[in-house]
Every structure is written in structure tokens, then in C-alpha cells.
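A.B. asks: Take this structure first; my questions come after.
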Number of protein chains: 2
Amino acid sequence: MRYARVALAGRPVWGRVGEKDIELLAHSPLDGRPDVVGSVPVDGAHWLPPVIPPVFYAVGMNYPRHIAHAGAATPERPEAGYRANNALTGHRSPIVRPADVEGRFEAEPELVAVIGRTLRHATRRQAQDAVFGWTIGNDVSARTWQHQDRSFWRSKNSDTFKPMGPWIETDVDALAATTTLRVNGEVRARFATGDMVFDPFDHIVAITRYSTLHPGDVLWMGAESACALTPGDTVDIEIDGIGVLSNPVHLEGNPS
Amino acid sequence: MRYARVALAGRPVWGRVGEKDIELLAHSPLDGRPDVVGSVPVDGAHWLPPVIPPVFYAVGMNYPRHIAHAGAATPERPEAGYRANNALTGHRSPIVRPADVEGRFEAEPELVAVIGRTLRHATRRQAQDAVFGWTIGNDVSARTWQHQDRSFWRSKNSDTFKPMGPWIETDVDALAATTTLRVNGEVRARFATGDMVFDPFDHIVAITRYSTLHPGDVLWMGAESACALTPGDTVDIEIDGIGVLSNPVHLEGNPS
């Protein structure tokens, strides 16, 4: 199943995405099987982030080639940081580059696990069962700020810096997939989605040793590579079996 | 006014706190003036965190004496990081020290600003008008993890490490107040709440240059000093004009 959130008359509605139509749902599928209450065409849908997480976890260095390229040490244990919900935006909505960004402004293509259960002290098997489905994230980053600031507040959490979507796919072996990053249709990176130092279940076991995970929490899994974005570009991230997350890049004050 | 959230039959209900009774409210006061739908006594109330924030901002080094004591550089501009909602707990609920914490386990008494409006590109005056009220936070920290981990995930965001409350006070000049930290009734720290490098409005202006603030977002303002906590202790943080946030400290696996 593919579950999405779309805007209807300015309000978020959950939907189940088919070939041509989105069946509208009475409530979130995270709260049990919902009734179908209507439908809208897929074409022209206004896609929202497929979930607003209670906690937004994000893993940093997690792909061997990324770590080697950065000259960083390989993490010895799973550790996640956090991102902020204000930065979330949906499929096809613009990534807005603030006017005062200098230096590299980049996309990072990431697999996202969506948690479906309340979970504490999870075994690996419980961690596997607790993932409701998978979506795609773009961890847009302003590198000069990332290196000069004490936290990632504006480098990774400015409004629109966290596109997520287009939907949550519940039936996919995401760790066997391939991630492809394209800018204006041209392939800029391609890597094995599951080639991670610690996989999502390792992280869920580690997190739940100390913290309760809740339905709707998301875990962004890091990227193997990044590529530059320029206003006017369109950036697509494809994970086969999930879909394509596509966003245009605008310059602040210059909606195009 | 003092606005709180209490648990009734296991569900959160907003209330307006008086001398002896809590008037129960039809909805959050952040969504407009609510009707009164009942009342419960203050005595015996089960206090919840007074708000669950869409984004949980926290300032680090922000008091000159703390910075001098840490031998750190004074921040040149306002910068906030993030904490995680799973860690929130209410007034009188236990802070649970995980069994494998080693080294210093400490309380940090903090003023918390609660945002009441949607806000972007705020002036200082707009920032002042956007604060709905003030509450108290205890930024409980496991120092060995804080220094050895890449992020603050477990050092500051394990379950129960973020007591907040007891309520939101809307009518107080919080920056003119005094913060007092007591353990088992004994004063361990006392400082001028407003003696900050950058005050809440400086931070709101800075954050909203890049990020939208939403009603219910919280901004924890940092602490001047910390003190050790041991299982069996009760830690109280008082900010005059707001109230007292009190929490017992338990050891994981050893309730009470």
C-alpha cells in the first residue's frame, strides 16, 4: 500500500494512492485500518509530507563511501540526531534557498523509516515489525552554515530544507533497493540503499534502549553522496519500489 | 493566567489553574479562548508537560557565568539546537536514571518561552508579542554520554530527561525573575533568570529569519549552573512569578 497526505481545501487528508486515483481515508492508517470516504485524481494532487513526526530522527555518517570521502571515523555504534518539523515539505513543493546562503547548497538522498508502533527496549525482530513503511527524504544542507554554526539549526532546518515523500510504501524490501539522485533529469548519484554501517533496525534497537518510539516517528537513514543544487533546478530522488520525490529549487524572494 | 495540562482517565485535558481548583477547558488556550467544561482539585492533579511542542528548541551556552565556568567562547549570535518530545515529562513525575549511566547526572534549571503565534521574519516587537507565556524546564543531562556521543540523543533525550511545567504563566516579567535550584529542599543554585547573553526575543528574531515558529513551539533558554542528582533525591526548580517544577529521581528498575 501507498499512504500519502494531500491538501484538500487547505486541510490535510490521508489517502491511499492508486494508479490514477487517491482514495481519501477517514483517519491516519497509523491509527488502524481507515474507511474510504472519497477520492481525488492523482494528477494535480497537492502532496504534503506523508507524516508529521512526534520526533524526527536523522542519522549522520552511515554509508562507508560517504565516511571515506569525508575522511571521518566509522561510527562504532548507532547514534541518531534530530531534525525539525518546520523544515518539512511535500513532493513537488519548492525547496527555497535563503537569499543569504553562501557556498555549497546540496541535496542528500535518504531512505526514511516510518514507525508504526509504540516501542521501548525493542529486540531486532520487534524493530523490524515496528516499521510501518518507507518513504524518501532529501536532507538539504547549506554547508557553510553547517560548518560555521554550533548546531544544524539553519544549515539543515530552515523552512523547506526537508522534503519528504511522495508517500509511505508499506510493501517493499527497502534495504534491497537502489537510490538514484537526479538533477534536471541527469543522474548525479546512484547507490545501494542498504549499504549502511548500521541499518534502521540497529538504530531502533539502540534508540529504544533509552527512548520510547511512537507511531509516526521517522528515522532518516543518511546518504552516501550529495550534489549541488541551484535555483531553477529540479531535484528527483528515486528509491525503486517506493517512488520518486521531486522538488523544484527556488531562490528566496524569487518564486518562479 | 496559569494554563496546565492534566491527565484525566488517562487522557490529556487543558486546565486553568486557580488556588484550589483547576478549571477544565474545552480546548487549548493556544487555539483561542476556551470554554470551561468542569473542574478538578489542584491537590492530587496528575500534571502533564504543559504543551507538546511541534518543534522543541533549546539554547546551549547562554549565561556568562556558565560560559566562563566551562571555559567556552561567548556565542557571537543566537543559535538554538533541539530536544526530543519523547523526553518530556510533567511536574511531580519521576526522572528515571538509566541503569547504565556513569559519571555526572545533573539538573539544569531553565526558563522556557512558549510560542503563541505563527511567526516568520519577526521584529523584536513581534517576537515579544508572540510569546504566549512562560514555564520551567529541567535539562537533565548525563555528562559522560554528552561528551562521548556524537549527538545529544541519550545524554539529554532519554525518556523523562526533560521535565517541563508545572504550568504556563502568561502574566509574569520572566526576565526580571530569579531562578532557584533546590535538591531535597537545599538551595544548590540561584541566579538572575534574565542574565542571558541573548534573550528569548533575540533568539526568536534569529530563528524566524529562516524558520517558521508555530503555536506551541517551546524555546528552552539555557542554565547558569547545574547540580548533581542521585536516585532518591527530589529536585525543585523555582522561578518566582511562575512556580515550582518538582520531580523525584528514580533509578531505572527501582521505582520509588
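A.B. asks: Over the Cα atoms of segment B:15-83, what radius of gyration and what Dmax do you get, in Å?
C.D. replies: 19.0, 52
A.B. asks: Give the range of the longest stretch in chain B that excludes all GluC sites (Glu not before Pro) found in loop regions by DSSP and having at most 13 other beta-carbon atoms within 10 Å.
C.D. replies: Of all site-free stretches, the longest is B:103-256.
A.B. asks: Related question: Can you pull the semi-axes for segment A:32-180, root of five times each eigenvalue of the Cα gyration tensor, sorted largest first, whole Å?
C.D. replies: 27, 23, 14
A.B. asks: Give the percent of DSSP beta bridges with both residues in the protein assembly as shown that are antiparallel, rounded to the nearest 5.
C.D. replies: 90
A.B. asks: To continue, here is another question. Once the label point is set 7 Å along the Cα-to-beta-carbon vector, what list of distances in nm do you get between residue A:69 and its counterparts in the other copies?
C.D. replies: Label-point separations across copies, in nm and ascending: 4.3.
A.B. asks: Assuming R0 = 45 Å, what is the FRET efficiency of residue B:26 and residue B:123, from their Cβ-Cβ distance, to the nearest 0.05?
C.D. replies: Working from the Cβ atoms, E equals 0.85.
A.B. asks: Based on alpha-carbon centroids, what's the gap between segment A:1-76 and segment A:194-256 in Å, whole number please?
C.D. replies: Going from one Cα centre to the other spans 11 Å.
A.B. asks: A follow-up question, please. Where does segment B:84-148 land on Rg(C-alpha)/(2.2 N^0.38 Å)?
C.D. replies: Dividing the Cα radius of gyration by 2.2 N^0.38 Å gives 1.51.
A.B. asks: Give the chain A residue with the shortest beta-carbon distance to the rotation axis relating chain A to chain B, plus that distance as a whole number of Å.
C.D. replies: A:82, 2
A.B. asks: For chain B, take the alpha-carbon Rg, divide it by the Kirkwood Rh, and send me Rg/Rh.
C.D. replies: For chain B, the value is 0.95.
A.B. asks: Charges at C-beta only: +1 for Lys and Arg, -1 for Asp and Glu. How large is the resulting dipole of segment A:118-256 about its Cα centre, in Debye rounded to 20?
C.D. replies: Here the size comes out at about 540 debye.
A.B. asks: Running Debye on segment B:163-227 with equal point scatterers at the Cα sites and no solvent, what base-10 log of I(q)/I(0) appears at q = 0.12, 0.18 Å⁻¹?
C.D. replies: For segment B:163-227, the Cα-only Debye profile gives -0.40, -0.86.
A.B. asks: Give me the percent of Cα-Cα pairs in segment A:1-47 that sit more than 17 Å apart, rounded to a whole number.
C.D. replies: Result for the distance tail: 20 percent.
A.B. asks: At 4 °C and 1.567 mPa s, what whole-number value in µm²/s does Stokes-Einstein give for the translational diffusion of segment B:136-256, with Rh from the Kirkwood sum over Cα pairs?
C.D. replies: Using the Kirkwood radius from Cα pairs, D works out to 81 µm²/s.
A.B. asks: May I ask you to report, in nm to one decimal and beginning with the shortest, the distances from residue B:121 to the same position in the other copies, taking label points 7 Å along Cα-to-Cβ?
C.D. replies: 5.2
A.B. asks: Right, something else. To check you understand DSSP bridge types, tell me what percent of the beta bridges within chain B (both residues inside) are antiparallel, rounded to 5.
C.D. replies: 90
A.B. asks: Which percent of Cα-Cα pairs in the protein assembly as shown sits in each 20 Å bin, short to long?
C.D. replies: 22, 56, 21, 0
A.B. asks: Could you state the number of Å between the C-alpha centres of segment B:81-125 and segment A:121-179?
C.D. replies: Between the Cα centres of segment A:121-179 and segment B:81-125 lies a distance of 23 Å.
Values in this text are rule-based calculations from the coordinates and carry no lab data. Note that the structure is predicted; figures quoted are calculated from it, not measured. Note that each Cβ is placed from the backbone with ideal geometry, even for glycine, and that neighbours are counted across all protein chains shown.
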